[in-house]
1. Take the residues in segment 25-47 that are in contact (Cβ under 8 Å) with a residue 12 or more places away in the chain and among the hydrophobic types (A, V, I, L, M, F, W, C), then tell me which one is farthest from N57 (Cα to Cα).
2. Does K16 satisfy the criteria of being among the charged types (D, E, K, R) and surrounded by 10 or more Cβ atoms within 10 Å (Cβ to Cβ)?
3. For G22, state whether it is at positive phi and not aliphatic (A, V, I, L, M).
4. Sort out which residues of segment 26-55 are under 15 Å from the mean Cα position of the chain (by Cα), over 25 Å from S11 (Cβ atoms) and surrounded by 12 or more Cβ atoms within 10 Å (Cβ to Cβ), and write them in order of number.
Amino acid sequence: MQGRSPGNSHSLNTNKKIYLGGHLDAKVVTAGRFNSSYEGCVRTFKMGFTCVDHLLNEASEGVNIVQCE
């Protein structure tokens, strides 16, 4: 799966941290826009020209994380 956000923005300030994954109660955290959240495997994450292949090694913290099959 690949995704892209619409618009003309080409920078993102995350204060060095970014959240990847799902949430137990997507409906609450998205003010009702979504009823479910991401379930699956993130093998490689790329933003701009930076690619992270070993997300578990680079993560500052995590909950309910398992190895991709």
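Here, each number is a calculation from the coordinates, and none is a lab measurement. If you're wondering where the values come from, they're calculated on a predicted model, not measured in any experiment. Here the Cβ is made from the backbone with ideal geometry for all residues, glycine too, and neighbour counts use every protein chain on show.
1. Here the answer is M47.
2. no
3. So G22 fails the test.
4. A26, S37
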